[in-house]
Amino acid sequence: VQLQASGGGLAQAGGPLRLSCAASGRAFSSYAMGWFRKAPGKEREFVAAISWSGGNTYYADSVKGRFTISRDSAKNAVYLQMNSLKPEDTAVYYCAAGMSAVNMYNGRGMDYWGKGTQVTVSS
């Protein structure tokens, strides 16, 4: 599975931004998908994950209620709608694929990674 994240850019605090991750390769619909981020000087952290069916979603406490992960298997894509952005959301965002959304929520089981997309939130 090859993954390519896009949609990053500069946003104002309180504003929205939508990230997309396009997948190519076999069996996208059988993979759980996740978003992670890494800010300068910080460890990579889990942001959100969605099960292969789309029926289960998981969020980091820091983004719960503001971010929404979704997927469109017909388009082989996963999205991260980010609302009410904060300066602390500034990071490089990465999408990942794995066999279990729960495992990704716990920081493991990411089998494939895409190149990141920079998100910068100005105050």
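The values are calculated or read from the model by the stated rules, or taken from the named source; none is laboratory data. Keep in mind it's a predicted model, so treat the numbers as computed, not measured. Glycine gets a Cβ as well: all are built from the backbone with ideal geometry, and neighbour counts include every protein chain shown. Heads up: the accessible areas ignore ligands, DNA and RNA and are worked out on the full protein's heavy atoms, side chains in. Shrake-Rupley method; radii C 1.70, N 1.55, O 1.52, S 1.80 Å.
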Self-check item: Breaking point among (1) more than 14 Å from A5 (Cβ to Cβ); (2) under 14 Å from the mean Cα position of the chain (by Cα), for S122
Solution: (2)
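Conditions tested, residue by residue: (1) within 19 Å of P16 (Cα to Cα); (2) modelled with pLDDT of 95 or more; (3) in contact with a strand residue (DSSP E or B) (Cβ under 8 Å, 6 or more places away or on another chain); (4) β-branched (V, I, T).
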position	(1), (2), (3), (4)
R37	yes, yes, yes, no
N56	no, yes, yes, no
A74	no, no, no, no
T120	yes, yes, yes, yes
Exercise. Count, please, the residues in region 91-123 that happen to be open to solvent by 30 Å² or more (accessible area, probe 1.4 Å) and part of a strand (DSSP E or B).
Key: 10
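For region 11-34, name all the residues that are more than 13 Å from Y112 (Cβ to Cβ) and either open to solvent by 20 Å² or more (accessible area, probe 1.4 Å) or in a strand (DSSP E or B) (or both).
A11, Q12, A13, G14, P16, L17, R18, L19, S20, S29
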Quiz item: Give me the pairs: first residue in region 14-43 and on the phi > 0 side of the Ramachandran plot, second residue surrounded by fewer than 24 Cβ atoms within 10 Å (Cβ to Cβ) and part of a loop (DSSP other than H, G, I, E, B), beta-carbon distance under 7 Å, and six or more apart or on different chains, which are they?
Solution: G14/S84; G14/L85; G25/V1
Quiz item: How many residues, within region 71-98, are hydrophobic (A, V, I, L, M, F, W, C), out of contact with any Phe, Trp or Tyr (no Cβ under 7 Å at 6 or more places or on another chain) and within 19 Å of S24 (Cα to Cα)?
Solution: 3
Quiz item: If L3 satisfies every condition in (1) of a type outside the set (V, I, T); (2) part of a strand (DSSP E or B); (3) open to solvent by less than 30 Å² (accessible area, probe 1.4 Å); (4) more than 16 Å from M110 (Cα to Cα) but one, which is the exception?
Solution: (4)
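Only one residue in S73, S53 is open to solvent by less than 60 Å² (accessible area, probe 1.4 Å) and among the polar types (S, T, N, Q), so which one is that? Walk me through how you get there before you give the answer.
Working: S53 fails: open to solvent by less than 60 Å² (accessible area, probe 1.4 Å).
From the options S73, S53, the qualifying one is S73.
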Exercise. Looking only at region 84-94, decide whether some residue is small (G, A, S), touching a Leu at 6+ places or on another chain (Cβ under 7 Å) and at pLDDT 95 or above.
Key: no
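Please go through region 35-45 and give me each residue that is open to solvent by less than 50 Å² (accessible area, probe 1.4 Å) and more than 19 Å from V1 (Cβ to Cβ), ordered by number. Even if it seems obvious, please write down each step before you answer.
Taking region 35-45 and keeping what is open to solvent by less than 50 Å² (accessible area, probe 1.4 Å), we get 35-37, 39.
Listed by number, the residues that qualify are R37, A39.
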